[in-house]
Amino acid sequence: MYDLVVRGGRVALDDGWAECDIGITDGRIAATGNGLQGAKTIDARGRWVMPGGIDTHCHLDQPVWGSAGNADDFESGSVSAAFGGTTCIVPFGMPGPGMTTIGAMDRAMARAVGRSIVDYSLHGVVTAGTGVDVDGQLQQLAGRGIASVKLFMTYDGFAVDDDLFLTVLDAARRLGWVVMVHAENDAAIRRTRQKLIDLGRTEMRYHAVAHSEIMEREATHRALALAEMTGTRMTIVHVSSIQSAEEVARARLRGVEVAAETCPQYIFLGASDLDKPPRDAARFVFSPPPRSPRSQHHLWQALADGGIDLWSSDHSPYFFADKLGKSGTPAFNTTLSGIPGIETRLPLLFSEGLLAGRLTLGRYLDLTSRNAAAIYGLDHCKGRIAVGLDADLVLWDPARTWELGHAVLHSRVDFTPYEGRKVVGKPMTVLVRGVPVVTDEVLSTGPGHGQFVARRPSDPKLARVPVEDTTPWLDA
């Protein structure tokens with residue numbers, strides 16, 4: 001007798017679909033099979049039972065930089081995640097002005113506890129201003145169950161120089177961490193932005209020029225070269241273009257241990273959206289920007305063949321008025337960059353990837369949960385439907401056609417760039433550690449159900465050898 005049995009669904013297991021029951025005890029999957037008995041039962045007939053999604057790139061309740069703060073805190077953001085089929089999130093311990101990496105993590109931990117309805121962890125962040133003794137700060141975070149750190153190669157106040165970059169990479173390798181990198185060339189962006197402004201070219205379309213594919217490609221190449229030198233695991237986040245995706249592929253041929261992440265906005269939105277009237281185009285301003293149909297086609301192929309490993313939201317929740325700023329007419333250089341997506345991430349890929357036949361079931365599971373768990377140290381408890389792992393389950397109605405729009409989503413952000421887009425397939429019931437947090441499209445738990453998950457680093461002994469430990473010659 002199990003605590004709960006999810007009965008009669010079409011279950012997505014590692015080796016394919018199975019018509020079976022799932023027995024749950026103490027929040028974990030205890031058995032899969034037929035005829036299981038439980039104290040409680042959830043009828044999953046007609047549903048596809050999928051592993052809960054893991055979103056390892058989202059922003060919630062961050063400190064205010066400039067004039068705008070996040071619209072979503074850990075409560076509203078996690079509710080939105082759950083309604084989108086995501087059961088574990090990994091936002092950032094993002095520093096505010098004058099904060100150390102440790103101070104930023106302390107702030108994020110305090111903001112998350114008692115609020116999230118789904119399980120969560122956090123990434124560390126190092127910037128030029130987050131303090132000295134980087135090794136010591138990261139070592140402290142490792143003792144608290146953190147296993148990743150993010151670096152920015154652009155943005156005033158965030159961009160790190162190569163010296164600090166290498167310091168972090170060396171520390172991360174010793175700890176078995178993965179380093180996430182926002183790869184865009186800051187100097188090139190600043191140069192081109194100013195030239196465009198001087199020429200009076202401030203229409204939204206020039207956002208794609210100020211953040212061109214060349215700038216992303218150069219930074220991606222440089223970041224991966226530094227990973228190659230130090231032997232550190234790396235994730236290139238929000239790969240937007242064919243050029244940066246090709247840099248990742250070339251680095252892999254050289255033996256670099258790199259994961260590539262892309263986001264829905266680089267598949268479903270394009271540079272042509274920036275040609276809309278200014279207030280409409282503002283809904284499509286994010287960085288790196290939307291790209292060409294050629295890049296979209298390449299990214300779809302990379303999602304299908306394994307060139308891309310992760311499907312994340314980069315949920316950046318700003319109210320629309322904050323995105324527009326104080327200027328009467330939005331311009332590319334005054335519009336706040338970032339869009340919401342934590343709830344629409346999985347429905348878009350379920351509909352246009354899995355159901356449309358662009359992705360196999362195995363690739364869909366890799367992109368939405370399995371790879372995230374493996375790369376970021378969650379696979380001891382999450383990412384798959386398997387005995388012994390947390391019972392994070394989502395019951396999808398695969399035939400449900402619905403329309404994405406602000407009115408039906410649960411984020412506090414007051415717009416979505418996918419307004420009016422029809423998708424097929426909808427999360428109906430969502431379980432986190434065997435407890436329904438959404439039941440038949442109704443929120444069924446309160447804030448605080450979600451727990452912090454300590455993540456496990458990789459074994460540093462298995463890391464690539466750094467350049468200083470290699471032999472620069474071969475015996476004849």
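The values are calculated or read from the model by the stated rules, or taken from the named source; none is laboratory data. Just so we're clear, the structure is a prediction, and the values are computed from it rather than from any experiment. Using ideal geometry, Cβ is built from the backbone for each residue, glycine included, and neighbour counts are taken over all protein chains shown. Remember, those area values only see protein heavy atoms, side chains included, never the ligands or the DNA or RNA. Shrake-Rupley method; radii C 1.70, N 1.55, O 1.52, S 1.80 Å.
Of all the residues in segment 164-206, those that are of a type in the set (Asp, Glu) and within 23 Å of Ser244 (Cα to Cα) number 2. Of all residues in segment 35-50, those that are touching a Gly at 6+ places or on another chain (Cβ under 6 Å) and of a type in the set (Val, Ile, Thr) total 1.
Residues of segment 310-346 that are open to solvent by 30 Å² or more (accessible area, probe 1.4 Å) and either under 21 Å from Ala373 (Cβ atoms) or part of a loop (DSSP other than H, G, I, E, B) (or both): Tyr318, Phe319, Gly325, Lys326, Ser327, Gly328, Thr329, Asn333, Thr334, Leu336, Ser337. Determine, yes or no, whether Met94 is touching a helix residue (DSSP H, G or I) at 6+ places or on another chain (Cβ under 9 Å), over 16 Å from Asp314 (Cβ atoms) and either among the hydrophobic types (A, V, I, L, M, F, W, C) or part of a helix (DSSP H, G or I) (or both). No.
Looking for something at pLDDT below 95 and either within 21 Å of the chain's Cα centre (by Cα) or over 23 Å from Arg28 (Cα atoms) (or both) - is there at least one such residue anywhere in segment 80-95? Checked against the condition, which is being at pLDDT below 95 and either within 21 Å of the chain's Cα centre (by Cα) or over 23 Å from Arg28 (Cα atoms) (or both), segment 80-95 yields no hits at all.
Give the residue, chosen from Gly307, Gly255, that is outside any helix (DSSP H, G or I), in contact (Cβ under 8 Å) with a residue 60 or more places away in the chain, open to solvent by 10 Å² or more (accessible area, probe 1.4 Å) and over 23 Å from Leu361 (Cβ atoms). It is Gly255. Of all residues in segment 282-303, those satisfying the criterion of being crowded, with 19+ Cβ neighbours inside 10 Å and over 19 Å from Pro317 (Cβ atoms) are Arg291, Ser295, Gln296, His298, Leu299, Ala302, Leu303.
With respect to Lys382, determine if the residue is in contact with a helix residue (DSSP H, G or I) (Cβ under 9 Å, 6 or more places away or on another chain) and open to solvent by 10 Å² or more (accessible area, probe 1.4 Å). Taking the combined requirement at face value, the residue does not satisfy it. Scanning segment 65-101 for residues that are crowded, with 24+ Cβ neighbours inside 10 Å, of a type in the set (Gly, Ala, Ser) and closer than 24 Å to Phe152 by Cβ returns Gly77, Ala81, Gly93. Screening segment 7-21 for residues that are aliphatic (A, V, I, L, M) and under 28 Å from the mean Cα position of the chain (by Cα) and picking the one that is surrounded by the fewest Cβ atoms within 10 Å (Cβ to Cβ) gives Leu13.
Checking each residue in segment 102-140 for being farther than 23 Å from Gly176 by Cα, crowded, with 20+ Cβ neighbours inside 10 Å and of a type in the set (A, V, I, L, M) picks out Ala112, Ile117, Val118. In segment 40-64, what count of residues is obtained for those that are open to solvent by 30 Å² or more (accessible area, probe 1.4 Å), among the charged types (D, E, K, R) and touching a residue at least 60 places away in the same chain (Cβ under 8 Å)? Qualifying residue count for the region: 1.
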